[in-house]
1. Once you've got the GNM for chain A with C-alpha springs shorter than 10 Å, pick whichever of A:48, A:56, A:192 has the biggest mean-square fluctuation.
2. Under the classification rounded if a/c is under 1.5, otherwise prolate if a/b is larger than b/c and oblate if not, where does chain B fall, given a ≥ b ≥ c as square roots of the Cα gyration tensor eigenvalues?
3. Just list whichever of B:62/B:179; B:21/B:105; A:174/B:89 have alpha carbons separated by over 31 Å in the model shown.
4. Would you mind classifying region A:167-212 by shape? Square roots of the alpha carbon gyration tensor eigenvalues, ordered a ≥ b ≥ c; an a/c under 1.5 is rounded, otherwise it is prolate if a/b is larger than b/c and oblate if not.
5. Name the residue, out of B:164, B:60, B:17, whose mean-square fluctuation peaks in a Gaussian network model built on chain B with Cα pairs under 10 Å.
6. As a check on your grasp of the helix formula, calculate [θ] at 222 nm for chain B: sum -39500 (n - 2.57) over DSSP H runs of n ≥ 4, divide by the residue count, round to the nearest 500.
7. With springs only between Cα atoms under 10 Å apart, run a GNM on chain A and tell me which of A:61, A:34, A:22 wobbles the most.
8. Counting other Cβ atoms within 10 Å, keep those with at most 14, restrict to DSSP loop, and tell me which GluC sites (Glu not before Pro) in region A:173-205 are left.
Amino acid sequence: MPMYGDLGNKLVQHAKRTQGLAHLPPYQTELVRAATREVRDLDKDVASLLEPFQGSFDPTADQATACTLLVNHLSMRRNKRCLLAYHRTRTDKLEELAWNGTDILELAGQQAGGTNGAPIADAGEASSLSPQEEDYFRQYGDLLAAYKGQWTDIDLTGSLEPPRDLFIDVRVLKDAGEIQTEYGAINLTKNSQFYVRQGDVERLIAQGYLQKLG
Amino acid sequence: MDIDDILQEVDPSFHTIPQEKRDLQELTRAWVAERSAPELLPWPADGLFERINGSIKRQIEKVEEMTGDMDPKTNFALIVIQTELERFKYLVRSYLRARIAKIDKHTLHYLSTDELRGRLSDMELAYATRHQALLHNHYLSSFLASFPPALQNLNDTAGGISMIETPDLESAVFIRLLKNALVEGRGVDTDDATNMQVNDIVILRWSDAKPLVEAGSAELI
């Protein structure tokens with residue numbers, strides 16, 4: 001028999017674990033639904049407890065009922081906090097992905113293939129995001145693009161490392177095709193090495209096509 | 001050299017330094033301060049970023065003009081300009097990202113009063129408002145909509161705890177004195193007040209350092 005608060009506790013544990021992970025674990029649809037249901041049930045309990053009093057409930061006269069009401073009241077709020085914390089942790093992660101320029105489709109592919117070589121048992125579960133989270137990710141991406149667009153020359157999602165050298169050595173990890181630089185076109189084929197302007201290839205490094213050397 | 005020259009030299013308001021250089025100093029100072037302060041600092045109101053954006057644009061154009069030139073001398077100058085440009089861009093980027101991080105963390109707090117909203121630039125205000133709306137919507141569609149109506153708010157203060165988190169104004173910062181000033185700091189057991197000289201460096205609570213920084217008597221480092 002699960003106790004009050006067990007569900008919320010589980011959500012918080014999931015959230016805590018998510019913070020330390022590089023990827024986003026699957027959305028706990030059942031848990032969220034159950035915690036929400038608990039809140040609704042508690043609310044109904046409160047309503048039925050208060051009903052016979054017709055709005056004239058005196059806590060000092062009936063301390064047992066008052067105590068039940070208080071516990072119910074606090075449990076509902078606790079569940080709400082746990083749910084908010086769980087969702088906020090996940091949206092924070094999603095926002096981080098958006099800033100890093102990760103594509104949501106790529107994310108789904110990554111999940112299907114397993115993150116560290118281990119195949120995910122349920123292949124039907126393509127995405128670890130809830131449909132609402134997918135919406136959120138898309139909308140946040142639009143918002144970010146709009147904000148970024150007002151600073152065209154800066155590239156807000158660029159590296160936060162202070163720049164040292166204008167030119168860097170890079171090795172190509174995955175074929176990335178041809179890129180245009182002000183010194184002409186470079187064909188990025190796997191395992192080749194180039195000396196290029198950092199600003200030209202920052203994107204490709206972030207996306208894992210190139211590796212910075214030295 | 002007569003006395004006026006000497007006076008002019010020590011008068012910080014005497015503008016012998018070109019505008020661009022002062023802008024860079026101002027940007028660097030704003031960047032350092034924003035990264036050290038636990039709360040969001042006011043957006044520079046004097047058009048600093050318009051000027052900086054203009055400088056960056058001009059330098060980019062210059063780079064484009066010079067690229068075609070194959071003269072080794074131009075090439076060297078080009079590398080210097082591009083390096084400077086990258087550093088400039090880094091400062092602006094890092095500054096803006098530091099602000100966005102703070103805004104994202106305490107969105108509702110910064111949107112709650114006019115005084116706090118005033119610290120945001122117009123773009124940041126638009127971003128924060130929209131971000132909060134997106135989040136609220138997301139909560140609603142994920143679970144909040146099936147809650148009892150009385151529990152759907154995001155700004156409850158029930159039980160004496162506000163749902164809106166605020167930045168910790170008591171966290172410690174380092175400041176360097178720009179003028180001789182009396183520094184008052186509150187400690188755990190006792191409070192202390194000391195007369196400090198220019199260039200002295202102290203660590204104290206942000207809430208104690210704030211008046212000094214705002215008055216221009218000290219800078220965050």
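1. Taking springs between Cα atoms under 10 Å, the residue moving most is A:56.
2. Verdict is oblate for chain B.
3. Details: B:62/B:179 40 Å; B:21/B:105 33 Å; A:174/B:89 28 Å.
Exceeds cut-off: B:62/B:179; B:21/B:105.
4. rounded
5. B:17
6. Result for chain B: -18000 deg cm²/dmol, rounded to the nearest 500.
7. Looking only at A:61, A:34, A:22, the biggest GNM fluctuation is shown by A:61.
8. A:182
The values are calculated or read from the model by the stated rules, or taken from the named source; none is laboratory data. Not measured: the values here are computed from a predicted model. Please note: Cβ atoms are built from the backbone with ideal geometry, for glycine as well, and neighbour counts cover all protein chains shown. Only protein heavy atoms, including side chains, enter the accessible area calculation; ligands, DNA and RNA are left aside. Shrake-Rupley method; radii C 1.70, N 1.55, O 1.52, S 1.80 Å.
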